[in-house]
Structures are given as C-alpha cells and as structure tokens.
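*Asks:* So that we are looking at the same thing, I have put the structure below in structure tokens.
Any read-out appearing in this document is the output of simple, stated calculations on the displayed coordinates, not a laboratory observation. Note that the structure is a prediction, hence the values are computed from the model and not measured. Virtual Cβ from ideal backbone geometry, glycine too; neighbours counted across all protein chains shown.
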Amino acid sequence: MSDDRTNMIEIEGLVKRFGDQTVLDGINLQVHPGETMVIMGGSGSGKSTLLRHMIGTYAPDEGTVKLLGQDLAVQDEEGLNAIRKQFGILFQSGALFQSLTVAENVALPLEEHTDLDSNIIDFMVKIKLELVGLREASHKYPSQISGGMKKRAGLARALSLDPKILFYDEPSAGLDPVTSASIDQLMIDLTRKLGVASVVVTHEMDSAFTIADRMAMLNKGKMIMVDRREAYEALRDHPGDRLDELDEDQQLIRQFLRGDPEGPMSETHTENSYEADLLGPDLGKLHGGRSIQTTRRIK
C-alpha cells in the first residue's frame, strides 16, 4: 500500500449506502502531489458521491478517506474546517455570490478565514485574478460576465487560500468548445505553476484526455480501472474488430470513451422483463414470454 505521506488523497475500501442501495462499493484511490486525476463514469455511477466524500460532506459507512494524511471521519468540525482551508473547489456553476463583485467573491475566503489587512487582501485578490486572466473584470458582477468568466472567477476564489488540492466539478459543463479548451489550458497551467494536486470530475472526454495525468473509471459504484491517460487512450483506440481481446470492463470503458451507442453500458431489457413490468410478474410469465393481448369490454 502507498505511504500516506506520498499521497494528497488516500481512499481505502470506501463504502456508502443510502437505505438499501450501495452507491459506492469498496473504492480504492490515491491522488499524488502535483498530478491531475480525472474521475469519470456514466450517470449514477457514483462520481458526485465520491467527490462529496473527498471534501468531507459525506462520511463513509465503511473504509477511510484521508486528505493530507488526515482521516476525515475522525475529525470534529474544527478539524474539518482546518483541512478544508487546504483545498479549493470549483463548482459546476461557479457558485458566485450575485450581490458581490468578482473581486469581492475572491476576497471572501480571505476575509472569513484570515486576519490579513484589507490592503493585503486586495493585493492577493489581484494576484489570483491575474492567474486566471480576469483582473480587468474585478469590478464586475456575476450577471455582467460570461459563463467562462464565471468559471475563471470561481477558480480564482478556489485559489484564494493557496490550497494544496483543487477539486473541479464538471468544469467544462455548459461551455462552448473554445471556452472549454481555454479552461482546460488554464487548469494545466495552474497545476504546473502552483504544484497543486487536482481532482476533476467530468464526462467530457475531450477535456479529460487533455488535462489528465491519470484517470479513474467508476461503474455502478465500483472502481473498475485506475491508470495513466495512455492506458485509456489505448482502450479508446482499440480496433472494433478485435473486441474479443478485451474483457467486459475494458469493453465498457472503451464504449464510454468513444460514446458508442452499443456495448456493455447499453444493455437492453428482455421482452419478458418489459412485459413483467407492464403487466405484472404473473401475466408476464404466461405463454413463455409471448405478447399478451388484453381487451376491456365496455358495456
């Protein structure tokens, strides 16, 4: 097992249940310093639930989640807040306060969590906005800037406390291809300049292959593959006439990466299960699963 000191994030045997539904089932994952880890999976695969565990919103039913060597589950609120100051989050919508200017949004964490003089805070805000190419829009309100600028402003705020880890929740969602590419490049540049570890939850494959050092694939709550980007590229580009060389998980990953309509992710229901769903299990079993026609007499 990896030494916790070498990992920014260490997840072992993570299980999360909601009622009788197991949403995460035995997740193991490590995120190293200075790398970008992309987490992928179809709708309902558990991506968002995994992210919420990493930021301490959810507690595991089983297993451990450690950030910077600290087990989140054993922390009190003060301990969690101390850990949270060491990471930043870019939310899918940007999550800016509409009544505050861009600069005021970025300054807010510094005002809330430090005792810095206002002049120092103003200086630091300008630095963060310059990092994301937004210093000239510092006086504008969120309603006055574009979607891409809102993402940049949200990223500047996430950087305000000089975090060691950055979390991105669907950073390219709702953006046009050019703006999305510029956000990708910004993420790459920030990782290189600041040396932070980045965790990106996304289903945008162009973005994923641009920014990732390593990639992790979730399916139905299980982690089915964690590997370098090159291993995923090899699966994506694997010839369609040689699918028998791949196991079922690899075929599923290939289908997801390529966006193919047919494959293990798009299994169809059988006729029997459809009839059973429509008519009930007893009627659905009649006649060996053949269609049953019912008529209703109207008198």
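*Asks:* Taking the residues in region 82-104 that are outside any loop (DSSP other than H, G, I, E, B) and of a type in the set (A, V, I, L, M) as candidates, determine which candidate is nearest to ILE183 (Cα to Cα).
*Replies:* Taking region 82-104 first, the residues outside any loop (DSSP other than H, G, I, E, B) are 82-84, 87-90, 102-104.
Among the residues that remain, those that are also of a type in the set (A, V, I, L, M) are: 82-83, 89-90, 102-103.
Numbers: ALA82: 29, ILE83: 26, ILE89: 15, LEU90: 12, VAL102: 17, ALA103: 19 Å.
Residue satisfying both the conditions and the ranking: LEU90.
*Asks:* Could you say whether any residue in region 150-162 is more than 16 Å from THR101 (Cβ to Cβ), in contact with a strand residue (DSSP E or B) (Cβ under 8 Å, 6 or more places away or on another chain) and assigned to a loop (DSSP other than H, G, I, E, B)?
*Replies:* Yes: one or more hits.
*Asks:* Among the residues of region 92-127, what is the count of those that are surrounded by fewer than 18 Cβ atoms within 10 Å (Cβ to Cβ) and under 22 Å from LEU175 (Cβ atoms)?
*Replies:* Looking only at that region, the number is 5.
*Asks:* Ok, one more. I'd like the full set of residues that are closer than 21 Å to ARG84 by Cα and free of Cβ contacts under 8 Å to residues at least 12 places away in the same chain, limited to region 97-154.
*Replies:* Hits for region 97-154 are GLU104, GLU111, GLU112, ASP115, LEU116.
*Asks:* Here's another thing I want to ask about it. For LEU116, state whether it is in contact with a Leu (Cβ under 9 Å, 6 or more places away or on another chain) and assigned to a loop (DSSP other than H, G, I, E, B). Give the steps one after another, and end with the answer.
*Replies:* On the way: in contact with a Leu (Cβ under 9 Å, 6 or more places away or on another chain): yes; assigned to a loop (DSSP other than H, G, I, E, B): yes.
The answer is yes for LEU116.
*Asks:* Among SER172, SER182, SER207, SER198, which is in contact with a Pro (Cβ under 8 Å, 6 or more places away or on another chain) and of a type in the set (S, T, N, Q)?
*Replies:* On the way: SER172 fails: in contact with a Pro (Cβ under 8 Å, 6 or more places away or on another chain); SER182 fails: in contact with a Pro (Cβ under 8 Å, 6 or more places away or on another chain); SER198 fails: in contact with a Pro (Cβ under 8 Å, 6 or more places away or on another chain).
It is SER207.
*Asks:* Same structure, new question: Quick check on region 180-195. Is at least one of its residues surrounded by fewer than 22 Cβ atoms within 10 Å (Cβ to Cβ) and assigned to a loop (DSSP other than H, G, I, E, B)?
*Replies:* yes
*Asks:* Please work out if THR64 is among the hydroxyl-bearing types (Ser, Thr, Tyr), in contact (Cβ under 8 Å) with a residue 24 or more places away in the chain and within 24 Å of ASP184 (Cα to Cα). Outline the logic, then answer.
*Replies:* Details: among the hydroxyl-bearing types (Ser, Thr, Tyr): yes; in contact (Cβ under 8 Å) with a residue 24 or more places away in the chain: yes; within 24 Å of ASP184 (Cα to Cα): no.
Against the criterion (among the hydroxyl-bearing types (Ser, Thr, Tyr), in contact (Cβ under 8 Å) with a residue 24 or more places away in the chain and within 24 Å of ASP184 (Cα to Cα)), THR64 does not qualify.
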